[in-house]
Amino acid sequence: MTRVVLAMSGGVDSSVAAYLLQQQGHDVVGVFMRHGEHSPAAACAVGGTSPAALLPVDDVRADGKQGCCSAADAHDARRVADRLDIPFYALDLQEEFARIIGYFAAEYTVGRTPNPCVMCNNWLKFGKLFQYADSIGAEHVATGHYARLTRSLAFDTPQLRRGIDPAKDQSYVLFGVQRQMLRRMLLPVGEYEKSQIRELAGQLGLRVADKPDSQEICFVTTGEHGEFVRQHRHGDIDTSGEFVALDGRVLGRHTGIERFTVGQRKGLGVALGERAYVVRIEPDTRRVVLGKHEDLARRLLTADRTNWLADPPEGPFRCQAKIRYNAQAAPATAEVLPGERLSIRFDEPRYGVAPGQAVVCYDADRVLGGGWIES
């Protein structure tokens, strides 16, 4: 029986993950990662007042959507841990979350679209939690992600693969995990469909069985990411500028490029009498270029800061490439470039290729690796 540190968010997936790990014979230690302001009242939820027991203040999101990492989520995780009779701790990761918030604000300020969920996995769940695991003699770190790890003598490390449930697969957001850490990762819910996980939670009498999935970025509780960026970026920066057409015609003005992402149609703040999409963001001129949906078509992209979970072939190779979490993977030809870079040429045009997002390469259901879209 090995000791496992399990990231518990208070949702149904990580809650059932705790039970599944128990059934496999593991010694499970539940951990809640807090990122909010210090709250002595909330600390009572985990039976302590030390910094490691402090929880987020925010309980209800201003946008009314389900997030994670709130005091209510901590209470839910605590109740599940009590029911399963496993130890439960809250870790104060406010300083580490500040790094993710800084990345988030900096990327939007220069016209890129960040993916904080990928960075949270890279830096915290499969970064800082391994340090915590080492400190308590735990061999593995586990989460409730819908992805799978398979092991074979043909490969030197476990292979990260898509989850069984195609509608819930989360392998995309795990592409950046360090390859050597795959040996110490456990992903128990990836072998199940979401409906099975909820059914199992109901059979176990867990109150989170019908809890909605988290929908939004945990630290942007208002739902207004543009305002959040303005509050958290360094310096008094003017990012306002012009809306322009592809031919350079000025169509209006905007209050800041941080409000936009390539492919965006809603909430532009300019009326043109027809549907318009953000085709390009120019941080140097602070222009937001608008066009029609067909103007978004791209067949070629480049990415940098690549991370490979399998040795990529030399020269061009075929794969399926995914440009956003909710996008479908599409047939493409990829090639590794010097300087930890990557080029992708799709068989058919893709729409909404956004600098700052991740592109992830698959071989069937196996994650090969990926990088961060440059252009």
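Tabulated data for the structure shown
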{"read-out": "Top-ranked residue in the stretch 110-121 [being open to solvent by 30 Å² or more (accessible area, probe 1.4 Å) and in a loop (DSSP other than H, G, I, E, B); ranked as nearest to residue 70 (Cα to Cα)]", "value": "112"}
{"read-out": "Matching residues in the stretch 1-29 - criterion: being in a strand (DSSP E or B), under 11 Å from residue 81 (Cα atoms) and out of contact with any helix residue (DSSP H, G or I) (no Cβ under 6 Å at 6 or more places or on another chain)", "value": "29"}
{"read-out": "Set 220, 229: member being assigned to a helix (DSSP H, G or I) and open to solvent by less than 50 Å² (accessible area, probe 1.4 Å)", "value": "229"}
{"read-out": "Subset of the stretch 185-211 [outside any helix (DSSP H, G or I) and hydroxyl-bearing (Ser, Thr, Tyr)]", "value": "192"}
{"read-out": "Some residue of the stretch 291-314 being on the phi > 0 side of the Ramachandran plot, touching a helix residue (DSSP H, G or I) at 6+ places or on another chain (Cβ under 7 Å) and among the charged types (D, E, K, R)", "value": "no"}
{"read-out": "In the stretch 82-109, the residues that are aliphatic (A, V, I, L, M) and either touching a strand residue (DSSP E or B) at 6+ places or on another chain (Cβ under 9 Å) or in a strand (DSSP E or B) (or both)", "value": "84, 86, 90, 91, 93"}
{"read-out": "Residues that are open to solvent by less than 20 Å² (accessible area, probe 1.4 Å), under 28 Å from residue 357 (Cα atoms) and either of a type in the set (A, V, I, L, M) or touching a His at 6+ places or on another chain (Cβ under 7 Å) (or both), drawn from the stretch 65-107", "value": "69, 93, 97, 100, 105"}
{"read-out": "Residue match in the stretch 126-134 (condition: hydroxyl-bearing (Ser, Thr, Tyr), modelled with pLDDT of 90 or more, closer than 30 Å to residue 234 by Cβ and part of a helix (DSSP H, G or I))", "value": "yes"}
{"read-out": "Residue 321 free of Cβ contacts under 8 Å to residues at least 24 places away in the same chain, of a type in the set (A, V, I, L, M, F, W, C) and at negative phi", "value": "no"}
{"read-out": "Subset tally (residues that are open to solvent by less than 30 Å² (accessible area, probe 1.4 Å), within 25 Å of residue 106 (Cβ to Cβ) and in a strand (DSSP E or B)) for the stretch 241-276", "value": "4"}
{"read-out": "Count - residues of the stretch 293-321 that are assigned to a loop (DSSP other than H, G, I, E, B) and surrounded by 14 or more Cβ atoms within 10 Å (Cβ to Cβ)", "value": "4"}
{"read-out": "Verdict on residue 45 being at pLDDT 50 or above, assigned to a helix (DSSP H, G or I) and either open to solvent by 10 Å² or more (accessible area, probe 1.4 Å) or under 27 Å from residue 181 (Cα atoms) (or both)", "value": "no"}
{"read-out": "Any hit, the stretch 135-153, residues being of a type outside the set (Phe, Trp, Tyr) and touching a Cys at 6+ places or on another chain (Cβ under 9 Å)", "value": "no"}
{"read-out": "Conditions (1) outside any strand (DSSP E or B); (2) open to solvent by less than 50 Å² (accessible area, probe 1.4 Å); number of the one not met by residue 214", "value": "(2)"}
{"read-out": "Filtered residues of the stretch 300-347 (kept if among the polar types (S, T, N, Q) and in contact with a Cys (Cβ under 9 Å, 6 or more places away or on another chain))", "value": "320, 333"}
{"read-out": "Any chance residue 182 is outside any loop (DSSP other than H, G, I, E, B), in contact with a strand residue (DSSP E or B) (Cβ under 6 Å, 6 or more places away or on another chain), in contact (Cβ under 8 Å) with a residue 40 or more places away in the chain and open to solvent by less than 10 Å² (accessible area, probe 1.4 Å)", "value": "no"}
{"read-out": "Criterion: free of Cβ contacts under 8 Å to residues at least 40 places away in the same chain and of a type in the set (S, T, N, Q) - qualifying residue of 152, 171", "value": "152"}
{"read-out": "Counted residues, the stretch 322-375 - those being among the hydroxyl-bearing types (Ser, Thr, Tyr) and not in a loop (DSSP other than H, G, I, E, B)", "value": "4"}
{"read-out": "Of the criteria (1) part of a loop (DSSP other than H, G, I, E, B); (2) under 18 Å from residue 221 (Cα atoms); (3) at pLDDT 90 or above, which one residue 65 fails", "value": "(3)"}
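The values are calculated or read from the model by the stated rules, or taken from the named source; none is laboratory data. Since the model is a prediction, treat every value here as computed from it, not as a measurement. All Cβ positions, even for glycine, are placed from backbone atoms using ideal geometry, and neighbour counts span all protein chains on display. Side chains included, ligands, DNA and RNA excluded: accessible areas come from the protein's heavy atoms. Shrake-Rupley method; radii C 1.70, N 1.55, O 1.52, S 1.80 Å.
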